[in-house]
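We did not get these values from a lab; they are worked out from the coordinates using the rules stated. Keep in mind that what you see is a predicted model, and the values were worked out from it rather than measured. Heads up, the Cβs are rebuilt from the backbone with ideal geometry, glycines too, and the neighbour counts pull from every protein chain shown.
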Amino acid sequence: MSTSPQTLTSKDVAKVGLLARLALSEADLERMTGELSKIVGFVSMLGELDTADVAPLAHPLDTQNVFRDDVPVASLSTAEALQSAPRHDGSCFLVPAVLGDSGAA
Amino acid sequence: MQPLEMSAVDLVAALRQGDITAVESATVFLDRIEATNGSINAFLAVDREGALARAADIDARRKAGKPVGPLAGLPVALKDVLCTSDMPTTCASKMLEGFRPPYDADVVARLRRADAVFLGKTNMDEFAMGGSNENSAFGPVRNPWDLSRTPGGSSGGSAACVAGDMAPVAIGSDTGGSIRQPAGLCGITGLKPTYGRVSRRGLIAFASSLDQIGPMARSAADCALIMETIAGHDPGDSTSLAVDVPRYTDLLDRPLAGVRIGRVPEHFAAGLDPEVAKGVEEAFAVLMAAGATVHDVQLPHAKYGIPTYYLVAPCEASSNLARYDGAHYGHRCKDLGQRTAGHTGGFESPLVEMYCRSRAEGFGPEVKRRIMLGTYALSAGYYEAYYAKALRVRRLIRQDYLDAFQTVDLIGGPVSATPAFKLGEKTDDPLAMYLVDLYTVGTNLAGVGGISFPCGFTKSGLPIGFQLQAPPLAEPLLLQAADRFQRLTDWHRRRPQAVGVAKT
């Protein structure tokens with residue numbers, strides 16, 4: 001495991017942009033490559049610490065699963081769930097085609 | 001005394017005794033907001049009609065001898081990160097412009113049941129990401145003490161509206177200091193409770209293992225009053241603690257004799273402004289005069305707090321903010337086909353293109369930066385080196401606190417290294433802005449509680465904040481110590497001149 005400072009390339013950043021579902025312009029890519037490289041370089045100082053024997057702590061509380069009683073309770077109505085949808089047909093959210101070429105250049 | 005100058009505790013008492021009606025009280029604050037919000041920009045939405053209707057209903061019930069809630073008629077401002085079914089909820093983002101949630105946050109529902117009167121929604125850094133309020137999509141908030149300076153962030157609107165007498169009480173949220181730092185920079189009192197003390201249901205999620213809601217007010221006593229309403233178990237938040245809520249207001253007036261306060265020598269390192277250092281040292285002296293003892297303690301991993309936080313928080317944010325997809329609610333790009341110039345293309349499908357373009361248009365630069373950073377740190381090949389590494393260091397940081405609290409009851413120190421900085425001063429350097437959180441992120445990483453309150457002013461008239469941190473669920477001690485300090489000092493009673501001293 002290496003935590004030495006990473007330098008990100010604009011290709012790396014473009015890939016992350018797609019994973020993050022963010023359309024990035026060429027100018028965005030250039031700016032973010034520099035900014036993210038700087039930030040990643042900074043946070044890499046954690047590599048100074050030997051944590052081989054330290055378990056990850058994902059949560060500050062000693063969490064345990066919480067069950068509620070198995071009793072039906074009201075949830076949002078369809079109308080409430082759709083009230084802020086950008087596009088819907090009264091019963092479903094409407095989105096562009098899930099499959100197929102986006103046609104982008 | 002006029003309502004604008006009264007503490008929340010006194011205002012609730014005056015309302016109960018009939019010295020003032022809820023309508024009169026709401027009107028005074030609404031008028032004040034109308035007169036000053038143009039220069040402060042603390043509110044994104046003001047609900048005059050709703051507030052006055054609510055206040056009239058409370059007055060009518062009280063007059064008829066019907067029961068009213070413990071906060072009956074108290075005006076409260078809500079950070080715009082809290083879902084409200086009757087007001088827009090934007091998180092200061094274009095992504096949620098005009099969004100009307102279908103339900104109230106648990107905190108909002110509790111305040112409603114207590115008969116608080118909501119004045120409106122306060123400005124903030126977009127999705128609570130920032131320390132200066134300059135990341136709002138709807139313009140920065142200005143510090144009432146100096147309109148050219150930041151109020152801090154992300155709860156900058158909540159802090160500025162209390163400092164500017166636009167509300168006696170505001171609700172904020174704190175993921176890495178977002179209640180305590182703006183409270184410090186605006187000269188008010190802000191409590192970040194223990195993780196899980198206040199339900200997060202309906203709090204728009206930023207970093208779920210760090211986020212916590214808390215009160216911002218003029219005094220610790222006012223924060224105690226609000227905590228009695230907002231704290232407590234909520235079956236709708238599986239991380240909310242099923243622990244009884246103390247009567248915080250009854251636990252304030254106790255002597256500090258024998259309370260051990262830790263002082264971390266590293267807090268006074270080179271980066272600390274000398275005037276802030278002086279104010280903080282004087283605060284320790286006041287607490288000692290009140291009977292507390294001060295002891296040096298170590299938080300050996302404190303310097304790793306910022307890098308740990310800026311991995312954990314963006315990773316959680318990148319996951320939480322995946323829900324903004326342009327399909328269910330929030331911003332959606334215009335129809336595909338009308339392509340924006342300069343986009344890089346290469347999307348997998350029309351649906352993915354819609355996601356990517358909606359999110360690119362809806363989120364501001366800092367939110368995008370953190371989503372990108374988190375996505376990178378969680379991606380294949382980097383997860384172990386960044387996210388898992390940060391979680392391991394997080395355990396070391398929490399252990400530092402648990403160890404320190406074996407020998408002291410509280411840890412005191414500065415809340416931020418400098419007084420309020422100029423708007424625009426750090427906007428070109430994201431990393432410099434992240435360092436603003438130096439003294440506050442440890443509290444969230446450890447899941448403990450912290451309070452910030454004013455302990456002096458610089459020569460140029462800017463507030464200096466003092467922070468106390470405490471073991472889990474020691475809010476009574478935090479509030480008691482801050483209240484004792486405020487009985488012995490008058491820093492928290494000072495009012496800014498920049499927008500005029502409150503007069504009615």
Expected sort for A:Met32, B:Met166 with the fewest Cβ neighbours (10 Å cutoff) up front is A:Met32, B:Met166
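Past 30 Å, Cα to Cα: identify those pairs from A:Lys15/B:Lys94; B:Lys121/B:Lys459; A:Lys15/B:Lys389; A:Lys11/B:Lys303, in the order given.
On the way: A:Lys15/B:Lys94 25 Å; B:Lys121/B:Lys459 33 Å; A:Lys15/B:Lys389 23 Å; A:Lys11/B:Lys303 32 Å.
The pairs that break the limit, which is 30 Å between Cα atoms, are B:Lys121/B:Lys459; A:Lys11/B:Lys303.
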If one puts a single equal scatterer on every Cα of chain A and applies the Debye formula without solvent, what log₁₀ I(q)/I(0) results at q = 0.19, 0.20, 0.21 Å⁻¹? -1.02, -1.06, -1.11
Mind jotting down the three principal axis lengths of the protein assembly as shown based on Cα atoms? Whole angstrom, largest first. 69, 57, 53
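Quote the relative contact order of chain B in percent (integer), defining contacts as alpha-carbon pairs under 8 Å separated by 6+ residues. Working shown, then result.
Numbers: 1190 pairs, mean separation 93.2, N = 504.
RCO, chain B: 18 percent.
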Over every pair of different alpha-carbon atoms in the stretch B:194-343, take the mean of 1/r and invert it; report that Kirkwood radius in Å. 20.1 Å
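Can you sort B:Lys389, A:Lys15, B:Lys79 so the residue with the fewest Cβ neighbours within 10 Å comes first? If you can, show how the numbers build up before the last one.
Details: B:Lys389 26, A:Lys15 15, B:Lys79 32.
So the residues, fewest neighbours to most, are A:Lys15, B:Lys389, B:Lys79.
Among A:Asp69, B:Asp483, rank each residue by its count of other Cβ atoms within 10 Å, from fewest to most, as a rough exposure measure.
A:Asp69, B:Asp483
Any idea what the alpha-carbon Rg over 2.2 N^0.38 Å comes to for the stretch A:1-50? Please report the intermediate quantities before stating the final value.
Working: Rg = 12.2 Å, N = 50, 2.2 N^0.38 = 9.7 Å.
In units of the globular-protein estimate, the stretch A:1-50 measures up at 1.26.
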On the Cα set of the stretch B:168-254, report Rg and Dmax in Å, please. 12.6, 37
Taking every Cα atom in the stretch B:283-428, find the radius of gyration and the maximum pairwise distance Dmax, and write them in Å. 22.1, 71
Amide H to amide H under 5 Å from B:His233: which residues, 5+ apart in sequence or cross-chain, H placed 1.01 Å off N in plane? B:Val243
What percentages make up the Cα-Cα pair-distance distribution of chain B when the bins are 10 Å wide from 0? 4, 21, 32, 26, 12, 4, 1, 0
